[in-house]
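To keep things clear, I will list the structure first and then write my remarks on it.
The values are calculated or read from the model by the stated rules, or taken from the named source; none is laboratory data. Treat the numbers as computed from the prediction; the structure is a model and nothing was measured. Cβ placement follows ideal geometry from the backbone for every residue including glycine, while neighbour counts extend to all protein chains displayed. To get the accessible areas, we keep the full protein, side chains included, count just its heavy atoms, and leave off ligands, DNA and RNA. Shrake-Rupley method; radii C 1.70, N 1.55, O 1.52, S 1.80 Å.
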Amino acid sequence: SGDGAPATAVCNLNWNSDEQDLLWIGGYMGLTLVRIELQNSRTPSPDEKVMFTILNTSVDDTSSSSSICLTTLIHKTLHETAGCGIYMENDEILSGDLSGNIFKWSVNDIKPQQHITIPDSVRCFISKNLVGTLSGALYNLDTQEIIEDFKTTIICSSWNKTKTICLIGLADGSLINFQTKKIVG
């Protein structure tokens, strides 16, 4: 567990820096930005730092394990029920929950800039305006219309580095090319 960080049902991890020392941890009820620091089995301080052990790694020859310390920098909780979808682009964050609530905010804001509700349970974001749902519907947030119905839960999605291809994972085990809508695995 971490101070305010999701400790169960973590559904999103996203590095926020090239040095990989800042990590967003998204869970069912919150979103937390933590700073990661390598420790040599020292007790972390102050109180908002929490120690985690990384198994099968070593800092030097005398240590069989090393630890990292996670310091909570930003913590946001807004969702009424289990939050599933998280999307981050530049400084914008979107998060959704099983009640159909979607919040948009900037990483520097304490309160969301916008609250949208859709008539389905949010499961994942495909992009900043496309939401995959528990029922399998793909919603366009701008028009509030269903643009595709996959008939089974949209579990996750991932874009390639150039943002030209997106794959969608469905609850039936199918991997779909978002642009062509064809099963690729």
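Report the calculated FRET efficiency for W15 and C166 (r = Cβ-Cβ distance, R0 = 22 Å), to the nearest 0.05.
On the way: r = 19 Å, r/R0 = 0.88.
The pair W15/C166 has a calculated efficiency of 0.70.
Skip the ligands, DNA and RNA, and give the accessible area per residue of region 106-185 with a 1.4 Å probe, whole Å². Mind dumping the intermediate values first?
Values: 4580 Å² over 80 residues.
Heavy-atom SASA per residue in region 106-185 reads 57 Å².
Beyond 18 Å between alpha-carbons counts as too far, so tell me which of K104/K181; K128/K182; K104/K128; K111/K163 fall in that bin.
On the way: K104/K181 28 Å; K128/K182 22 Å; K104/K128 9 Å; K111/K163 29 Å.
From K104/K181; K128/K182; K104/K128; K111/K163, over 18 Å: K104/K181; K128/K182; K111/K163.
How high is the FRET efficiency from R35 to N129, r the C-beta distance, R0 41 Å, rounded to 0.05?
Details: r = 31 Å, r/R0 = 0.75.
Once the sixth-power term is evaluated, E becomes 0.85.
For Q113 and T143, calculate 0.36 nm times their separation in residues minus their Cα-Cα distance, and state this gained length in nm to one decimal. Could you put the intermediate results ahead of the total?
Working: separation 30, 0.36 × 30 = 10.80 nm, distance 1.87 nm.
Separation in residues times 0.36 nm, less the Cα-Cα distance, equals 8.9 nm.
From the square roots a ≥ b ≥ c of the eigenvalues of the alpha-carbon gyration tensor of region 74-185, which class results: rounded (a/c under 1.5), prolate (a/b over b/c), or oblate? Write down the numbers at each step before the final one.
Working: a/c = 2.00, a/b = 1.48, b/c = 1.35.
Because a/c hits 1.5 or more and a/b exceeds b/c, region 74-185 counts as prolate.
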